[in-house]
1. For the pair B:Trp274/B:Leu173, report the inter-label distance in nm, with labels modelled 7 Å from Cα in the Cβ direction.
2. First check a/c for segment A:1-82, with a ≥ b ≥ c the square roots of the eigenvalues of its C-alpha gyration tensor; if it is under 1.5, answer rounded, and if not, answer prolate when a/b is larger than b/c or oblate otherwise.
3. How would you classify segment A:10-218 from its alpha-carbon gyration tensor, with a ≥ b ≥ c the square roots of the eigenvalues: rounded for a/c under 1.5, else prolate if a/b is greater than b/c, otherwise oblate?
4. Residues in segment C:161-184, backbone N under 19 Å from the label point at C:Arg197 (7 Å along the Cα-to-beta-carbon vector): list them, ranges by number please.
5. What residue among C:Ser148, C:Ser124, C:Ser113 shows peak mean-square fluctuation when chain C is described by a Gaussian network model with Cα springs under 10 Å?
6. By its C-alpha gyration tensor, with a ≥ b ≥ c as the square roots of the eigenvalues, how is segment C:53-162 shaped: rounded for a/c under 1.5, else prolate for a/b larger than b/c, else oblate?
7. Here is the link list: A:Lys80/A:Lys107; C:Lys135/C:Lys224; C:Lys62/C:Lys135. Which ones come out longer than 28 Å on Cα distance?
8. Which one, A:Val151, A:Val273, A:Val200, has the greatest fluctuation when you compute a Gaussian network model over chain A with C-alpha springs under 10 angstrom?
Amino acid sequence: MSNLLDLLVAGLATGAIYALVAVGFMLLWQTSQTINFAQGEFVMLPAFLMLAVMHAGAPFWLAIILGILLSLLLLGLGFKLLLVDPMLRHGVLPLAIATMALAIGMKEAVKQFFSAEASPFPSIVPAGDVSILGRVVSLQSLGVLALAIAVVIGLTALLNRTSVGHQMQATAQNPTVARIIGVPVERMILLTFLINAFLVALASLLITPIYLAKFSSGEILGQAAFIAAIVGGFNQVRGAIAGGLLIGVVDNLSAAYVSTQYRAAVPLILLIVIILFRPQGLLGRPEERTV
Amino acid sequence: MTATGKYLRIALGVVVIAALIIVPMNFNRYGLFILSQWAVMTIAAMGLNLTLGYAGQVSLAQGAFVGIGAYAAAIMTTQGLPLVAALGVAIVLCFAIGWILGYPALRVQHHYLAFVTLAFSTLAFLVFRNEDWLTKGIYGISNIPRPNVLGFATNRPLPFYYFCLGSLALVSLAMWWLIRSPWGRAFVALRENPVRALSLGIDTRRYTLMAFAIGSALGGVAGTLYAPLTQYIDPVPFNLSLSLDLLMMVIVGGSGFFFGPFLGAMIAVLLPEWLRFTQGYYLMLYAVAVMLLLIYSPTGILGSLDRYLAERRTKAASALRAVAKSRLETAP
Amino acid sequence: MTAVLEVSDIRKSFGGIKAVDGVSFDVQEGEILGLIGPNGCGKSTLFNCILGQLMPTGGEVKVDGKVVTGLRPSELNRLGVSRTFQLLQVFPKLSVRENLILAGQEHQGNMMSRLFGPSDAGLSAAADQMIGFFKLDHLATEAAGGLSYGQQKLLDAAMAFMGGPRLVLLDEPAGGVNLTMLGDLKERLAAINRERRATFVVIEHNMEFVMSLCTRVMVMAEGKMLAMGTPAEVRANPAVIEAYLGH
């Protein structure tokens with residue numbers, strides 16, 4: 001029990017990052033039936049974009065800004081216009097497969113144009129420890145957690161408190177009706193793609209200092225985000241957030257208490273159980289079915 | 001189908017089969033390895049095509065079944081047991097596990113089913129990696145022998161290629177029989193309209209489970225060929241990306257078309273090799289090619305071909321009608 | 001005469017709404033029972049409860065004296081209860097003959113004989129006979145999706161008869177069918193009833209169709225049975241007139 005607090009904080013910190021990725025994943029599914037199998041690679045790429053800018057001699061803060069802008073351009077606008085738009089009308093599956101191919105392409109491109117080796121990545125949170133309730137907790141974990149929570153609160157506020165947010169929710173729930181009541185559906189869908197790009201860029205910025213920048217690092221992340229989105233509820237922002245936090249904590253605890261070999265199995269088993277017994281997710285609403 | 005069309009098809013089939021037998025005779029070791037791999041992956045993709053293409057059930061676990069088959073073959077044949085015994089074990093094991101994995105399909109559909117099978121796939125990978133006593137973990141199993149088939153040793157690449165090709169032929173015949181049988185019709189009914197299928201007395205539960213079980217068993221068959229092909233296996237090739245690759249093969253080739261997996265496996269196995277001359281770029285180009293292919297023909301190559309032929313037929317028919325009509329009008 | 005179908009006190013609620021509220025009736029062998037009533041009166045829900053698509057909240061369904069409440073649709077179908085749906089439900093990619101073979105194949109043999117036996121399950125002749133009976137001869141090898149709406153409706157009905165059913169429940173067979181086709185359909189249904197002693201229950205909005213085809217008519221309103229009798233009796237029933245013509 002001695003390091004339970006450490007494990008919880010570390011788990012919540014990674015979980016908060018998973019939550020960011022899961023929320024983006026879920027928004028894409030909701031507004032445009034896109035199951036993005038490249039979501040993990042979407043998190044992997046921005047770190048390399050930022051590194052590339054830094055290699056060109058720019059300072060870290062400029063690299064972050066340019067990295068986020070490039071992510072919005074490539075992973076938001078480019079992804080939507082070049083891949084999703086042409087394929088959407090052909091149903092869910094071909095598009096999902098195309099995103100799998102995209103994941104391979106992104107990994108290979110980073111490997112080829114950057115490096116196959118892991119690169120270190122500067123942290124925006126200073127290293128060091130602080131003392132809470134007499135326990136030493138990593139400042140990095142706390143910083144990541146605080147930042148992720150701030151983003152999640154900001155996003156929830158955007159969705160629930162602003163008229164743009166309401167229009168996005170209407171688009172997600174029923175595009176046909178939304179269009180009739182005058183919501184600019186196309187613009188809202190584009191906005192969700194941009195939000196997703198922003199979230200993955202942020203997640204990239206937060207997680208890369210912990211796990212290093214590597215072309216293959218998206219595989220595990222992407223899977224964690226899927227699991228988080230489903231466990232929490234595929235159709236609710238707060239569900240995806242809760243799912244992300246839960247998976248982060250479960251992952252860290254099972255690494256410590258189950259076995260390092262099978263730590264990855266615990267979230268998967270959780271996923272299977274949830275899908276079988278509560279397919280709408282812990283916080284989700286049942287999806288409407290048409291016979 | 002017209003008579004000439006039928007003869008054309010038969011002629012095409014004969015030419016392709018002859019080419020598959022004759023052309024590789026002077027291939028080098030590597031070329032034969034790649035072609036054998038194509039045959040093995042085609043078998044696995046055919047299994048998935050049954051589950052997904054015919055019966056309409058998404059599965060992201062086919063790679064895990066290839067892994068189960070491969071480990072069964074590797075473990076048993078290195079203990080001196082014949083490959084046929086391993087094949088039997090792999091089929092029974094994969095059939096049973098596939099049957100169990102089909103149960104979630106009775107409760108959930110579509111993306112949920114995809115994620116259950118995805119989770120299974122990753123769990124299987126963890127077992128391959130962690131159960132050292134059985135699978136030798138990350139060190140893998142080496143020196144997997146190649147079988148003697150009807151008294152012929154298949155140690156050399158060419159005989160082993162023929163062994164893979166022969167197996168593919170047998171599996172294809174069995175599959176052809178299956179999809180033309182009442183079962184095949186029931187699978188299609190299950191995919192197209194499960195409610196109506198039920199009302200016609202079709203036990204959709206049993207057929208769903210069968211589609212999973214048989215498709216998975218074919219994954220196991222492919223695995224038992226894969227182990228003696230590479231003669232060394234470790235967990236890495238059987239991770240999630242193999243399942244995703246197999247799914248890609250089925251969709252790209254044309255899901256629900258008999259020859260879809262043959263084409264899909266050709267693209268997934270051979271295209272990267274053809275692109276090798278671009279060195280580090282080959283997988284990237286491959287990914288771009290797959291995306292472009294899917295953008296231009298989302299129903300796969302055979303799906304697009306089918307639509308093209310159907311359109312041409314309608315055009316020809318309406319042209320004929322137009323001619324007949326104009327004749328009637330100009331007739332005195 | 002023996003009752004093929006006995007329905008006693010069937011109830012079905014969705015939340016607080018009683019869609020079917022205690023309906024009881026029998027259908028005798030060889031009879032054609034019409035089931036009419038305004039939209040939303042619970043006809044289709046009643047059908048779905050009888051056929052196992054929905055689990056009734058209460059009550060009992062017997063086929064040939066055997067309790068079948070809660071059986072799955074496929075099991076019920078193999079006991080000889082067949083149906084059509086309100087919306088067209090043919091398999092568009094299969095040919096007309098394949099559709100009919102599919103509709104009959106589960107009624108004979110077992111899983112093994114269906115795997116290793118002949119591809120047509122020995123039903124080609126029966127299918128062709130049905131094709132002839134419903135006058136679809138020239139279309140046997142056409143894909144069902146390429147047929148006209150009326151022809152698909154005929155095929156849909158024909159599929160319900162492939163298994164040699166004891167009882168057929170038809171949900172709006174005449175909906176959307178043009179007048180010429182309608183005559184054909186009615187005449188074919190009457191003929192199959194005469195020749196094979198098949199028993200029908202028919203939901204239909206087309207009064208002319210119901211009154212001329214059915215031997216008895218049951219009227220439903222607000223989940224309850226309002227009236228039951230010969231077409232003439234029902235037509236003269238004041239309660240029915242009020243339910244249909246309003247207040």
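Any read-out appearing in this document is the output of simple, stated calculations on the displayed coordinates, not a laboratory observation. As the structure is a prediction and not an experimental result, all values here were calculated from the model. Cβ atoms come from the backbone with ideal geometry, glycine included; neighbour counts cover every protein chain shown.
1. 3.0
2. Here segment A:1-82 falls in the oblate category.
3. In terms of gyration-tensor shape, oblate.
4. C:161-169
5. C:Ser113
6. Oblate is the answer for segment C:53-162, as a/c is 1.5 or above yet b/c matches or exceeds a/b.
7. Where the Cα-Cα span goes over 28 Å, the pairs concerned are C:Lys135/C:Lys224; C:Lys62/C:Lys135.
8. Comparing A:Val151, A:Val273, A:Val200 in the GNM, the peak value goes to A:Val273.
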